[in-house]
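Peer 1: Here it is, the structure, as structure tokens.
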Amino acid sequence: MSSVIARLLRETPIVVTGMGAYSAAGDSVAALWRAAVAGRGLATWRSFEEGDAQASFAACNAPAIDVARPELRVVRKLDRSVQMAWLAASEAWEQAQVAGVYPPERIGVMLGSSRGPLGKRIESLRGAVKITPSMSSDSTFGSLSGALAQSFKIRGPGASVSATCASGAVAIGLGAEQILLGRAEAMLVGGAEAPLELALLQQLQVTGVMGTHESAERTCRPFDRTRDGLVVGEGSAFLLLESAEAAAARGAEVLARLVGWTLSLDNCGRTGVDHEGSALLHTMQEALQLAGLSADRVDYINAHGTGTKLNDAAEARSVETLCGGNGKSVPCSSTKPITGHCLGATPALEACVCIEALRHQIIPPTANCHTQDPACAINVQPLTAKPAPLGIVMSNSLGFWGYHASLIFSR
């Protein structure tokens, strides 16, 4: 099947003509990029309550949403994840200027999320809350992509997909394949997540993956010797994908090309990564094969880089092996201290960062990486951004249950 997709991709190159983001960095891709280049962690302390339970966690909070805005009428009563998805998707939609260009049947939407409308599901399970007729539909994963289809008058292929923390990348890859298969001319693809709920944060704390530090903004320290876990964030990001031919025919501005991707599932256990990162290595190799590129063509890798001890070390080993034992050759960074780990939405946010890196020819830094762990023997860009000639960039994602994904973009 990969050879078939590779042939179709050569015949029908895929381009990005719109981007949108909503995250702890702000309400736009421009805000996300400014924060990524500044390289300062954006987590703050936040108190959470649920019944008699209460706790304080470091978290990357996206801005409050004024649901009274007329344009938010369609999603006003839906989950916060859906509202953030609408805001990010609207930015991508408007930048691409795709409204009215294609018949509704030729535009689709593919959205990835690990936890879906978590707030609405928790709300519906509270015994003290009156059950309303809308809860039945509003608590489904389908509400995420369904609300966007309703708002943007989309009638093409669509779905809400879940592949834990690789969900957004899976949605991007599946959306691109819809174009290659001739089922759509354009696809709105991305991810959304609103996981800042006490129950989920406590789950992750018990799992042992939550980072600690006296300063909230330094909770997540990817590849640093002192790293001890992640910080959770919320947000959404979207890309508007089109075939290069269709985009050129309508005179659209092309932001980047999506030249390769791989979506895979490994049987390495619940944590989703083995000690050597062999599954991620295979995923990166498959994405490069689809793109028709060798590893030495990659100019920058936006690493998964959660700040957990096991994941960072395993990813570093896989990158080192990919580069023939010389992991120092490819600049890498993690932007998770900026957005937080937004679970299934993170790959889409990092796709936007990668495209902006291509557009600005700058490698964003790894915030909070003051002393790189020798066990992570890769070329980590620490603390400050660095200008560099970038032609090919890669973004890695992996999650619980062995979900892996790699996306490759070019200028």
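The values are calculated or read from the model by the stated rules, or taken from the named source; none is laboratory data. Here the structure is a predicted model, which is why all the values come from computation and not from measurement. Using ideal geometry, Cβ is built from the backbone for each residue, glycine included, and neighbour counts are taken over all protein chains shown. Heads up: the accessible areas ignore ligands, DNA and RNA and are worked out on the full protein's heavy atoms, side chains in. Shrake-Rupley method; radii C 1.70, N 1.55, O 1.52, S 1.80 Å.
Peer 1: Using a Gaussian network model on the chain with a 10 Å cutoff between Cα atoms, which of C268, C354, C165 fluctuates the most?
Peer 2: Its mean-square fluctuation being the largest, the pick is C268.
Peer 1: Measure off, as a whole percent, the carbon and sulfur share of the 1.4 Å-probe accessible area of the chain, all protein chains present.
Peer 2: 51
Peer 1: Please state the relative contact order of the chain as a whole percent: Cα pairs under 8 Å, 6+ residues apart? Write out the running numbers ahead of the final one.
Peer 2: Working: 1129 pairs, mean separation 98.2, N = 411.
Once normalised by length, the contact order is 24 percent.
Peer 1: In debye, nearest 20, what is the charge dipole magnitude of the chain about its Cα centre with +1 on Lys and Arg Cβ and -1 on Asp and Glu Cβ, if you could check? Could you put the intermediate results ahead of the total?
Peer 2: Numbers: 34 positive and 37 negative charges, 80 e Å.
Dipole about the Cα centre, nearest 20: 380 debye.
Peer 1: Count the net charge of all other residues whose Cβ sits under 10 Å from the Cβ of L390, scoring Lys and Arg as +1 and Asp and Glu as -1.
Peer 2: Computed value for this residue: +1.
Peer 1: Another question, then. Let me make sure I get this right: for the stretch 104-188, a, b and c are the square roots of the gyration tensor eigenvalues over alpha carbons, sorted descending. Under 1.5 in a/c it's rounded, otherwise prolate if a/b > b/c, else oblate. Which is it?
Peer 2: Details: a/c = 4.50, a/b = 1.86, b/c = 2.42.
Since a/c reaches 1.5 but b/c is at least a/b, the shape of the stretch 104-188 is classed as oblate.
Peer 1: Now, a different point. For the chain, what is the mean residue ellipticity at 222 nm derived from helices alone (per DSSP H run of n ≥ 4: -39500 (n - 2.57); sum divided by total residues; nearest 500 deg cm²/dmol)?
Peer 2: Rounded to the nearest 500, it is -10000 deg cm²/dmol.
Peer 1: So, R0 is 35 Å and r is the distance between the beta-carbons of R73 and H360; what FRET efficiency does that work out to, to 0.05?
Peer 2: Computed FRET efficiency for R73 and H360 comes out at 0.50.
Peer 1: For D52 and Q97, FRET efficiency with R0 = 51 Å and r from the beta-carbon atoms, rounded to 0.05?
Peer 2: Computed FRET efficiency for Q97 and D52 comes out at 0.50.
Peer 1: Further question: Determine the distance separating the Cα centre of the stretch 354-411 from the Cα centre of the stretch 50-77; give it in Å without decimals.
Peer 2: Cα centroid to Cα centroid, the span is 30 Å.
Peer 1: On to the next question. Set the bar at 20 Å for Cα to Cα. Now go through K336/K386; K130/K153; K77/K130; K309/K386; K120/K153 and name every pair that lies beyond it. Each step should come with its number before you reach the end.
Peer 2: Working: K336/K386 18 Å; K130/K153 32 Å; K77/K130 15 Å; K309/K386 26 Å; K120/K153 24 Å.
Violating the 20 Å Cα-Cα cut-off are K130/K153; K309/K386; K120/K153.
Peer 1: Additional query: Of all trypsin sites (Lys or Arg not before Pro) in the stretch 6-63, which ones are in loop regions per DSSP and have a Cβ with at most 15 other Cβ atoms within 10 Å?
Peer 2: R40
Peer 1: Report which label in (i) -0.21, -0.28, -0.72; (ii) -0.29, -0.40, -1.00; (iii) -0.37, -0.50, -0.99 holds the value of log10 I(q)/I(0) by the Debye sum over Cα atoms at q = 0.06, 0.07, 0.11 Å⁻¹ derived from the coordinates of this structure.
Peer 2: Computed from the coordinates, log10 I(q)/I(0) by the Debye sum over Cα atoms at q = 0.06, 0.07, 0.11 Å⁻¹ corresponds to (i).
Peer 1: Before I look further, what does the chain give for accessible area per residue, probe 1.4 Å, in whole square angstrom? Please report the intermediate quantities before stating the final value.
Peer 2: On the way: 15700 Å² over 411 residues.
On a per-residue basis, 38 Å².
Peer 1: Can I ask one more? Name the most mobile residue of A287, A85, A248, meaning the one with the largest mean-square fluctuation, in a Gaussian network model of the chain with Cα contacts below 10 Å.
Peer 2: A248
Peer 1: Could I ask something else about it? For Q202 and T140 in the same chain, what is the full-extension length gain: residue separation times 0.36 nm, less their Cα-Cα distance, in nm?
Peer 2: 20.1 nm
Peer 1: Separate question: Between R10 and W401, what is the FRET efficiency for a Förster distance of 41 Å, r being their Cβ-Cβ separation, to the nearest 0.05?
Peer 2: My answer for the efficiency is 0.80.
Peer 1: Of T371, T132, T44, which is the most mobile in a GNM of the chain whose springs link Cα atoms less than 10 angstrom apart?
Peer 2: Highest fluctuation of the listed residues: T132.
Peer 1: Between the alpha-carbon centers of the stretch 212-259 and the stretch 29-44, tell me the distance in whole angstrom.
Peer 2: When both Cα centres are located, 11 Å separates them.
Peer 1: Subtract the Cα-Cα distance of R40 and L181 from 0.36 nm times their separation in residues, and report this length gain in nm to one decimal.
Peer 2: Additional length available on full extension: 46.6 nm.
Peer 1: For the stretch 240-320, which trypsin sites (Lys or Arg not before Pro) pass both filters: DSSP loop (anything but H, G, I, E, B) and at most 11 other C-beta atoms within 10 Å?
Peer 2: Those satisfying the criteria are R270.
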